[in-house]
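First up is the structure itself, then whatever we jot down about it.
FYI, it's all coordinate maths here, none of it is from the lab. Quantities reported herein were computed from a predicted structural model and do not represent experimental measurements. Please note: Cβ atoms are built from the backbone with ideal geometry, for glycine as well, and neighbour counts cover all protein chains shown.
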């Protein structure tokens, strides 16, 4: 399945542009080659974009090639937040802590 | 495999052989794997080979609900169910000789991999604080595209409380794996009549993949302290990083990527590029392609146990359903996942490990 609106950066990365969804403060980057891109779920891509809307996010909303849909945040996701402006979210860690 | 399966409690809601009083419970949550070593589970030299020394500071046992305590009490020292496992593996391919040497890995060598976490304890901490955060979202007027992203401003009391409770759960997980590693060594001692040191059963590394940590990163040329969330992502710090033990400083942080039970797992090391592009992070596993329900449907009429045995892999599992959920086809091929992070340069392949025996919950 191909998901509309994603841009390939290079062989190993695709970008979710900042204008992909209203409210995104930064872009999303998912580490996938063209084969794994086909396995992407629309739900997990939407989750990477959603994380990019959160207050105080620094850099891109990132996801690794083992990405799949999780509670709020995609599993395989990495997101860094500023200590002054940013947030912390239990969904960004998940139920299986550590 | 029989000894391992009987020595290491596994399965949904499995109960362990550790009985904790209130005092030792608190110590465990404050000290993590350090508590386990002090109680005689393993060796002091294990600790430097664990992320954060197996003990993250700032945990607060007072912020844990009664329910979390109840769920966690009997589950310390248990493997659990789902994708958690203990595997006996062998090294079948070395990609990076120098790093493999530093980790003590060579072709044909036997390894043990343990994949488990904070069990029902951490699950309950997450559940409890999702409620707290749902209230915080209203209180601080945070606009969210999805209510599952419930969060609180980092400096709020809600956020600080979650951080301290999550750290307690992280320490619970480190203590859990330390105990299980200890019993694994004991099982080998019983079967082979040789001490862990003689068998070379030293810890290579223990790393988390579901955690939020305060870390220093360089952003646009400026050093910044950030709260880095890794959910199904593994820390992958580069050579020379202050958090690495001396023995690994020259190669970078070991990264353990468990694959599905039929294919392989991979050891990698962290790189500078991970530091500059992904806040020092890489992948954490194969990633599911089928939901648990789909997998169970697809496995109808098949014996996954027999299929694994035909591949030469012995499985000991409490449940038929777990085996179906965990069959290889339910996951992406780990080789494809790891090739992407390797080719992107955010970690570097060191060795591939093939399963020989699997204990599943």
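Based on the Kirkwood radius over alpha-carbon pairs, what value in µm²/s does the Stokes-Einstein equation return for the translational diffusion coefficient of segment B:11-89 at 37 °C and 0.692 mPa s?
Details: Rh = 13.9 Å.
Once the numbers are plugged in, D ends up at 236 µm²/s.
For segment B:225-285, go through all pairs of different Cα atoms, get the mean of 1/r, take its inverse, and jot down that Kirkwood value in Å.
Working: mean 1/r = 0.0827 Å⁻¹.
In segment B:225-285 this quantity evaluates to 12.1 Å.
Quantify how strongly other chains surround peptide B:119-128 by giving the mean number of their Cβ atoms within 10 Å of each of its Cβ atoms.
Numbers: counts 2, 1, 1, 6, 4, 2, 4, 8, 2, 1.
Partner Cβ neighbours, averaged per residue: 3.
How large is Rg/Rh for segment B:141-197, to two decimals, with Cα atoms and a Kirkwood Rh?
Numbers: Rg = 20.6 Å, Rh = 14.9 Å.
Reported Rg/Rh (Cα atoms, Kirkwood Rh): 1.38.
Can you work out the FRET efficiency for the pair residue B:320 and residue A:85, with r the C-beta to C-beta distance and R0 = 51 Å, to the nearest 0.05?
Details: r = 50 Å, r/R0 = 0.98.
With a Förster radius of 51 Å, E is 0.55.
Taking every pair of alpha-carbon atoms in segment B:286-346, give the share separated by more than 20 Å as a whole percent.
On the way: 654 of 1830 pairs.
I get 36 percent for the Cα pairs in segment B:286-346 exceeding 20 Å.
When all C-alpha to C-alpha distances in segment B:171-306 are sorted into bins of 5 Å, what percent of pairs does each bin hold, rounded to whole numbers?
2, 8, 13, 16, 17, 14, 12, 9, 6, 3, 1, 0
Distance from a point 7 Å along Cα→Cβ of residue B:190 to each backbone N in segment B:322-361: keep the residues under 16 Å and list them by number.
Hits in segment B:322-361 for residue B:190 at 16 Å: B:359.
Place the peptides B:119-127, B:288-296 in order of packing, highest mean first, counting for every residue the other Cβ atoms within 10 Å and averaging per peptide. Walk me through the numbers on the way to the answer.
Numbers: B:119-127: 24.2, B:288-296: 16.1.
Highest to lowest by the protection proxy: B:119-127, B:288-296.
Over the whole of B:319-332, what's the average partner chain Cβ count within 10 Å per residue? Rounded to a whole number, please.
Values: counts 0, 0, 0, 0, 0, 0, 0, 0, 0, 0, 0, 0, 2, 7.
Average neighbour count from other chains, rounded to a whole number: 1.
Once chain B is represented by equal point scatterers at the alpha-carbon sites, with solvent omitted, what log10 I(q)/I(0) does the Debye formula produce at q = 0.09, 0.13, 0.15 Å⁻¹?
Log-scaled intensity ratios, in q order: -0.50, -1.11, -1.49.
Kirkwood Rh, segment A:7-91, all Cα pairs: how many Å? Show your work: numbers first, answer last.
Details: mean 1/r = 0.0789 Å⁻¹.
Kirkwood hydrodynamic radius for segment A:7-91: 12.7 Å.
Of the peptides B:135-141, B:60-66, B:262-268, B:201-207, how do they stack up when ordered by the mean number of other Cβ atoms within 10 Å, highest first?
On the way: B:135-141: 13.6, B:60-66: 15.6, B:262-268: 23.4, B:201-207: 18.6.
Result, highest mean first: B:262-268, B:201-207, B:60-66, B:135-141.
Once each part is reduced to its C-alpha centroid, what is the distance from segment B:202-224 to segment A:20-98 in angstrom?
Cα centroid of segment B:202-224 versus Cα centroid of segment A:20-98: 17 Å apart.
At q = 0.06, 0.14 Å⁻¹, what base-10 log of I(q)/I(0) does the Debye formula yield for the protein assembly as shown when every alpha carbon is treated as an equal point scatterer in vacuo?
Computed log10 I(q)/I(0) values: -0.23, -1.44.
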